[in-house]
Amino acid sequence: MSPVHFRRPLFGLLPAMLLTALPALACDVAIVSGLASADGRPILWKNRDDSNSFFQGLEWYPGAVDTVGGHVCLEEIFLPTRTHICSGGVNEAGFAVLNASVYADTTVEEFVNQDVALMKRALFECTDVACFEGLLAHWNDRPNSTDVISSNFVAMDAHGGAIMIEAQSGIGAPVRYTVHDANIAPGGFANHTNFNRYIDNPGVERRDRAAALLTELGEAGALTPLNVMQTVTKDVCGDDLASPPERFPTNLCISRAQTTAGVVITGVAPGEDPRLTTLWANPGEPSLGVYAPIFPAAHAIPQKLALRRGGASPLNLAIVFKEFGAYDNNGGINGLVASPLMDTHINRPAMERAQALATPIETVLAEETRAAVQRLQTDGELDPAALAAIAEAGADYAFQRYAIDPLPLSDYGPVATAVGASAAAFYFAGRLAYVNARWLARTVAQRQEVYDALRIAIEVNARYLPKQLPLERAALRRVIELRLAEAGVSD
């Protein structure tokens, strides 16, 4: 068994299940074929959603297999347990995988979910999508029969592989979409959110909006990584401007209050050097943040993007500071400090100011990164140190240009990350207290609406729980039976 594949022990399962707050991971993912992209290279995209957190960073892991090399993960840290959660990533061989979690029917199934472990093992072991499909096909063999895989995965490799897979343990075989096949993917891409043919969760609005944007870009010959970053990942419900601009609802948008990061991975065409594979990371709400490049073959993460002990990265904090100016209350701190009744209405003028700041940064970085890599290829110096220098310079450029102005919070001084960790912590705590106080004042002023919402929530749960609890008991009983059978214990 791979060391990255962990399984939770049977004892303590029910108490842990009852005490653990499961995050909402309603992500968006897409895979674009190299046959459809503007430069002949495949593109992967993910918007990461988690309403319980906003700290994000990147980690690089050394390789366990020489032919695979090291890999990069977009990560958050669940602080109560110090658990690192990989949202997907890419390795030196050019294999990349991302997922959109599909909520299972019960909390028990969510607790034994192993989507992250599957992706981590694939990043350590796989050079192509066939390897990933093999892992997926046999994941629930003994001794892993109680594991639940419940995701829409997108994956690509350096050999032309580009697929999306709908996977759900215990219901049916994984459904595979090859985006090179025009009969399956007419636009040369496939995308999904947090539902599939097995589990009918909500999310179709965001999937359809992303599909429409990708189609428009493809028909215009403009399916480039930069356009995916700026046009798709940052989209806030298109041109729907019916709501007041200072209180615009984001729940059904691609980039929304619950979205904590964006990732766009540019692959290579068959025959190209896999070391050219590039991950573009926006470690915050995409519509308010900025992208910077990372190379898995650099064997390092730029300092401004690297995950710190507290679970954040410097660029992540800079983006979060701008989120504080665009929402009354924008979530919690990675399962440690919850903010109830999260506000999901964005201040569009603040968002537009952030995008006006980020767009030219990303445009310059896309061109400068392309030119720098081209020079390295010409000079024959495509080595880890040279790639790391390009990424470090790009992240520094993005941070310095983006973080100098907290936008609507400019009267509170420059972003404190620039003057030291202790000052940053103080500034962050102060801003968090400020936005929560502002949210509390609004809540008190609208207490009747809050009361009505709570009453409706109680009524809904009163109808829901009598139907759901038998399903939870049945799922728990099934897990126990399988674990006992694996241990050789009979009735």
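The values are calculated or read from the model by the stated rules, or taken from the named source; none is laboratory data. Note that this is a predicted model, so its numbers are computed, not measured. Here the Cβ positions follow ideal geometry from the backbone for every residue, glycine too, while neighbour counts run over all protein chains shown. We work out accessible area using only protein heavy atoms, side chains counted, and drop any ligands, DNA or RNA first. Shrake-Rupley method; radii C 1.70, N 1.55, O 1.52, S 1.80 Å.
Accessible surface computed residue by residue for the range 128-280, with neighbouring protein chains in place and a 1.4 Å probe, gives 38 Å² per residue. Measuring between their Cα centroids, the range 38-68 and the range 245-283 lie 9 Å from each other. Here's the list of lysines a cross-link from K322 could span, going by alpha-carbon distance under 26 Å and ignoring same-chain residues fewer than 8 apart: K46, K234, K304. For a straight C-alpha distance cut-off of 13 angstrom, the aspartates and glutamates reachable from K467 (same-chain residues fewer than eight places away being disregarded) are D105. Rounded to the nearest Hz, the phi-derived 3J(HN,Hα) couplings of the range 195-208 under the Karplus curve 6.51 cos²θ - 1.76 cosθ + 1.60 (θ = phi - 60°) are 9, 7, 5, 8, 10, 8, 7, x, x, 5, 4, 5, 4, 5, where x marks glycine and proline. Checking every one of the trypsin sites (Lys or Arg not before Pro) in the range 190-222 against DSSP loop status and a limit of 14 other Cβ atoms within 10 Å picks out R197. With all protein chains in place and ligands, DNA and RNA left out, the 1.4 Å accessible area ranks F124, F153 as F124, F153, largest first. Shown for the range 205-256: the carbon plus sulfur share of the solvent-accessible area, taken with all protein chains present and a 1.4 angstrom probe, equals 52%.
Within the full protein context, the accessible area of I184 is estimated at about 80 Å² for a probe radius of 1.4 Å.
A 1.4 Å probe over all protein chains sorts T443, T193 by accessible area into T443, T193, starting with the largest.
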